[in-house]
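The values are calculated or read from the model by the stated rules, or taken from the named source; none is laboratory data. Since the structure is predicted, the reported quantities are computational estimates derived from the model, not experimental observations. Please note: Cβ atoms are built from the backbone with ideal geometry, for glycine as well, and neighbour counts cover all protein chains shown. Just the protein is used for accessible areas: all its heavy atoms, side chains included, with ligands, DNA and RNA removed. Shrake-Rupley method; radii C 1.70, N 1.55, O 1.52, S 1.80 Å.
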Amino acid sequence: MLRYIQCGMIIDGRGGMPIYNATLVIENERVRGVEEGWRGSDKESGNEVLDFRNLSILPGLIDGHDHLDIDMGDGETESMQDPQWRILKGVKNARAMLASGITTLRSAGEKHNLGHYLRRAIEAGWVPGPRLVLSGAPICSTGGHAWFLGVEADGPDGVRAAVRTNIKDGAEMVKMIITGGVTTPGGSLLRTCFTQPEIRAAVEEAHLAERRIGVHCYGGPAATWAIEVGVDIIEHGTFLTDEQLDAMSRHGTFLVSTSSVMRAAATTPHVASFMRERFRQVSEECVGLLRRAKSRGIKLAVGCDTHHASLAEEVETLLQAGYTPVEAIKIATAGGAELSGREKEVGTLEPGKFADFIAVKGDPLEASTAALRNVRAVFQGGVRQNI
Ligand SMILES: [Zn+2]
């Protein structure tokens with residue numbers, strides 16, 4: 001059976017201009033094509049027509065970095081909660097993400113592999129949520145940043161074993177925490193948590209297993225080491241120098257920007273004051289970092305990182321940094337797909353890909369994100385999600 005979605009506007013996510021008054025044609029769970037004009041009802045053959053002529057269609061958003069089981073605030077307290085409670089929190093968050101238009105999430109890690117269970121529940125249709133690309137438990141050094149939310153490993157051999165265990169458990173990507181962070185007391189954001197031989201061992205092991213590796217990294221020497229040894233993704237990256245960004249451009253390293261959580265947490269009362277101050281310092285650099293990344297053509301994705309379901313805010317930061325609305329939407333869709341290695345399946349509305357898309361009220365190409373905040377329908381695999 002074919003399904004025709006008549007739309008006021010279709011943005012296919014490839015970075016070109018939209019097609020107005022068009023029809024998205026879906027065959028089973030995949031996109032068959034985009035046709036100009038509104039294809040009429042075809043009742044004889046049993047095909048279905050949906051009238052979205054007053055709405056705009058674009059690919060489902062793809063979040064490049066979030067954690068299902070942790071909410072914004074004190075990461076240590078959140079991570080120490082019982083797994084039973086955190087998995088229920090994951091159910092809550094997965095639903096909210098999908099309702100906001102996020103149809104795929106590259107998770108940056110959950111303790112106890114809770115993401116694996118959530119993915120099974122989502123794929124079985126028990127709970128609504130994005131398609132999940134999982135990183136398993138983040139690999140931390142003993143006592144290093146975020147030790148409470150991942151697994152601790154030390155020395156090249158210890159790190160290799162941790163990577164192998166994560167992959168054995170089902171991780172599709174590897175996540176490593178190589179510098180300090182906002183939510184761990186003591187130490188600076190640029191504190192190095194692993195040596196270069198340890199980072200090299202993780203990269204080698206991930207690549208031997210044909211997995212990508214992303215590193216939580218605000219900058220400093222660890223950033224130089226990581227880029228040199230071939231890390232695929234730098235997450236946050238707030239204080240990367242121009243030289244480090246140049247090196248990322250040469251190596252094709254992805255950057256994942258997480259600006260919205262920094263801004264939101266800086267003014268959230270229940271966040272500890274030492275963290276709020278750090279969040280403020282980081283948030284002040286986010287637009288500048290993106291401007292510097294843009295001028296170098298660095299591959300980019302965006303992530304909500306515990307400020308769940310806020311990708312519209314990430315798009316807003318991209319607009320502030322000088323990306324056009326078409327470019328910003330491409331980063332929040334195709335960018336996330338490429339980051340996750342899912343670009344053949346999702347991220348654009350092209351023939352053969354999953355029909356994951358959202359219908360929004362308004363024009364997403366206006367220099368505001370009002371339309372992205374007004375999601376009227378979410379489809380995954382051609383099926384409208386009931387959320
Ligand atoms: Zn994170």
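What's the total number of residues in the range 10-40 that are within 21 Å of A328 (Cβ to Cβ) and without any contact (Cβ under 8 Å) to a residue 60 or more places away in the chain? Summing the residues that are within 21 Å of A328 (Cβ to Cβ) and without any contact (Cβ under 8 Å) to a residue 60 or more places away in the chain in the range 10-40 gives 2.
Of all residues in the range 219-244, which are within 22 Å of A108 (Cα to Cα), open to solvent by less than 20 Å² (accessible area, probe 1.4 Å) and in a helix (DSSP H, G or I)? A222, A223, A226, I227, listed by residue number.
Can you confirm whether T317 is within 19 Å of R373 (Cα to Cα), open to solvent by less than 10 Å² (accessible area, probe 1.4 Å) and more than 16 Å from the ligand (Cβ to nearest atom)? Taking the combined requirement at face value, the residue satisfies it.
Criterion applied to E204, E172 was being under 19 Å from G136 (Cα atoms), in contact (Cβ under 8 Å) with a residue 60 or more places away in the chain and not aliphatic (A, V, I, L, M), and the one residue passing it is E172. Check the range 95-111 and report whether any residue there is open to solvent by 10 Å² or more (accessible area, probe 1.4 Å), at pLDDT below 95, within 30 Å of G181 (Cβ to Cβ) and in a helix (DSSP H, G or I). The answer is yes; a qualifying residue exists. Of all residues in the range 171-193, none satisfies being part of a helix (DSSP H, G or I) and either at pLDDT below 95 or open to solvent by less than 10 Å² (accessible area, probe 1.4 Å) (or both). Restricted to the range 255-301, the set of helices (runs of 4 or more DSSP H) holding at least 2 residues that are touching a residue at least 24 places away in the same chain (Cβ under 8 Å) and open to solvent by 30 Å² or more (accessible area, probe 1.4 Å) comprises 273-283, 286-295. The range 1-90 holds strands (runs of 3 or more DSSP E) entirely within its bounds, and those carrying 1 or more residues that are open to solvent by 70 Å² or more (accessible area, probe 1.4 Å) and either in contact with a strand residue (DSSP E or B) (Cβ under 6 Å, 6 or more places away or on another chain) or at pLDDT 90 or above (or both) map to 19-27, 30-36, 48-59.
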